[in-house]
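The values are calculated or read from the model by the stated rules, or taken from the named source; none is laboratory data. Note that the structure is predicted; figures quoted are calculated from it, not measured. With ideal geometry, Cβ positions are generated from the backbone for all residues, glycine too; neighbour counts draw on all protein chains shown.
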Amino acid sequence: MNKFYITTPLYYVNSKPHIGHSYTQVACDCLARFMRQAGGDVFFMTGTDEHGEKIEKAILAHGYREGEEKKFVDEIVPVFKKLWKKLAISYDYFIRTTDKNHISTVQATLEKLYKDGKIYKKIYKGWFCTPCETFWSETQSPDGICPDCKRPLEKLDEANYFLKISEYQKWLIDYIKANPDFIKPDFRKNEVLGFLNEELLDLCISRPKKRMSWGIGIPFDKDYVTYVWFDALTNYISGVGYPQDMKRFEKYWPADFHVIGKDILRHHAVYWPIILHALDIAPPKTIFAHGWWVIKGEKMSKSKGNVVDPLELISKYGIDPYRYFLLREVPFGLDGVFSEEALVSRYNSDLANDLGNLLNRTLTMAEKYFDGKIPSGQGEALKIDRRAGLNLPYGSKSAEGLKTKALALAGELEKSIPNFDFVNALSKIWEIINIANKSIEDSKPWSLAKEGKTDELASIIYSLLEVLRIVAISIYPFMPLASQNIWAQLGMKDGIEKTKFSDLKTWGKLSSGTKVNKSAPLFPRIEGT
Ligand code: ME8
């Protein structure tokens, strides 16, 4: 069984999660579910980033005192977990940077790097961005403004520990060039190479406790804690056992995907591979940076106070429509403008009209004409084809049958989903839904029933039910609850998660005689918004 290790960033616990965080979660969940369906040995990890200045500030702002940090973070972490549960995020492990194991990994890696002479102490005089916790050189910021967040920088004059990352600049450039899948999408790779055109400064990996004490202690100097990014990045190896359980580590590492937002690309594509290389550990296979959800032209973010609460949207529209919208509306990798109107419009057209109607009409006909049982018609998609003239709606000259089209879907999904092309995957699924809907209109099963053409009618209804089976399996990674709902309405007793991706490749798996189980409309239309 192929191992598949996928990670999300560890979210800061300085406030509640918003759409942006849920976006990364839903995307990783979709891929993890898809890989499990395909038989992969998936390890999907997410978690929380709990140390550092940002968190310390939030702690104090919430009325907690120094020393009560853990109490604060312990209260926030369940808020994240609750939302992920609500959104059906099927992570295998939730890591916290305050976990004992993680702390010991961070300390062991620092110890190793220090012993190997890769960490040194010096007095740093220069710019520092407090909100980003990042050092900048005079060349990088001639105007004293943070190149990342555009806020004014502070002058710092302080002794700290530094990791010799400048030594690895050339290695990293060569590595990125030689490994085209390392940073995705391609335009992000070019951004990183652009950044590496400038001289790389050694990375400060400590903070003096007298300035900021909420962090993991540096093992070789009791007056310092670890820089929060060194601490947080290390989660990707501590979470799979490094160095305590090397057997497990060797099974899962290198990670197949680190999925992140474009805001933290430099940390992942520059600092992280160098830290790993300095430790003699291979880099992750792919770092995929997605775009931002923006609202009124600005990035949705906690600090800007323009965030949309996922819980509110879920309670209004449901979990699956929310997941569907995030993955269908905007190509993964690009920025997307969030609006509730767009969500409602997608819901009504794709979910209520297309999918909801297909399910409802097909099951109604199965009830009406076949006593609620799946009619016989295995292997028979031809009649529906002939009658419906399926070439018409999609401009294709050759008449492609429902069966041929449905069976070609697996190949499309195999190409798109592992490349994060959710938009293409979903549009291919919807093509089939639309052909099926069109075929009902064209073949007019109600006239066949009147004319007494029972065989042809059975063949049509069976084919439509088969399409619904294939749709249920293929939407599972995107909308696991709706998928299960359709599955149960088709009369299936086992959970949808028991199905395999290969079930998409065979036509005629539904057994005739099975009683369908039509229930309330899956996606009732949203009126008047
Ligand atoms: O950066 N649009 O945590 P964070 C899309 N702790 N995605 C967004 C987004 C938006 N408007 N806003 C946030 C950190 N995200 C560090 C990470 S990893 C070792 C440490 C998502 O809470 C996106 O995935 O600020 C982004 O990278 C992440 O949230 C940043 O979360």
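Observations on the structure shown:
- Residue 459 vs. criteria at pLDDT 95 or above and either part of a helix (DSSP H, G or I) or closer than 19 Å to residue 406 by Cβ (or both): no
- Screening 280, 263 for residues that are without any contact (Cβ under 8 Å) to a residue 12 or more places away in the chain and surrounded by fewer than 18 Cβ atoms within 10 Å (Cβ to Cβ) leaves exactly one candidate, 280.
- Subset of region 20-41 [under 14 Å from the mean Cα position of the chain (by Cα) and either more than 7 Å from the ligand (Cβ to nearest atom) or closer than 23 Å to residue 505 by Cα (or both)]: 22, 25, 26, 27, 28, 29, 30, 31, 32, 33, 34, 35
- Residue 491 meets all of the listed conditions (1) among the small types (Gly, Ala, Ser); (2) assigned to a helix (DSSP H, G or I); (3) surrounded by fewer than 24 Cβ atoms within 10 Å (Cβ to Cβ) but one, namely (2).
Each row is one residue, and each column tells you yes or no for (1) without any contact (Cβ under 8 Å) to a residue 60 or more places away in the chain; (2) surrounded by 22 or more Cβ atoms within 10 Å (Cβ to Cβ); (3) of a type in the set (A, V, I, L, M).
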| position | (1), (2), (3) |
| --- | --- |
| 180 | yes, no, no |
| 188 | no, no, no |
| 197 | yes, no, no |
| 224 | no, yes, no |
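- Residue that is surrounded by the fewest Cβ atoms within 10 Å (Cβ to Cβ) [pool: residues in region 47-79 that are of a type outside the set (D, E, K, R) and farther than 15 Å from residue 98 by Cβ]: 63
- Any hit, region 409-428, residues being surrounded by fewer than 21 Cβ atoms within 10 Å (Cβ to Cβ), among the small types (Gly, Ala, Ser), under 21 Å from residue 350 (Cα atoms) and more than 29 Å from the chain's Cα centre (by Cα): no
- Test: residue in region 60-80 that is within 16 Å of the ligand (Cβ to nearest atom), in contact (Cβ under 8 Å) with a residue 40 or more places away in the chain, closer than 30 Å to residue 415 by Cβ and hydrophobic (A, V, I, L, M, F, W, C): no
- Residues that are at negative phi and either within 15 Å of the ligand (Cβ to nearest atom) or of a type outside the set (Phe, Trp, Tyr) (or both) within region 322-335 comprise 322, 323, 325, 326, 327, 328, 329, 330, 331, 332, 334, 335, listed in sequence order.
- Residues of region 324-351 classified as touching a helix residue (DSSP H, G or I) at 6+ places or on another chain (Cβ under 9 Å) and in a helix (DSSP H, G or I), total: 14
- For region 497-529, a residue qualifies if it is aliphatic (A, V, I, L, M), crowded, with 19+ Cβ neighbours inside 10 Å and within 23 Å of residue 370 (Cβ to Cβ), and the qualifying residues are 510, 516, 522.
- Scanning region 59-76 for residues that are more than 20 Å from residue 230 (Cα to Cα), among the hydrophobic types (A, V, I, L, M, F, W, C) and in contact with a helix residue (DSSP H, G or I) (Cβ under 9 Å, 6 or more places away or on another chain) yields 59, 72, 76.
- Any hit, region 205-216, residues being within 22 Å of residue 9 (Cα to Cα), in contact (Cβ under 8 Å) with a residue 60 or more places away in the chain and away from the ligand (no atom under 16 Å from the Cβ): no
Residues are listed down the side, and each one gets a yes or a no for (1) more than 30 Å from residue 246 (Cβ to Cβ); (2) among the β-branched types (Val, Ile, Thr); (3) within 12 Å of the ligand (Cβ to nearest atom); (4) assigned to a loop (DSSP other than H, G, I, E, B):
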site	(1), (2), (3), (4)
280	no, no, no, yes
289	no, no, yes, no
294	yes, yes, yes, no
301	yes, no, yes, yes
304	yes, no, yes, yes
307	yes, yes, yes, yes
311	yes, no, no, no
314	yes, yes, no, no
320	yes, no, no, no
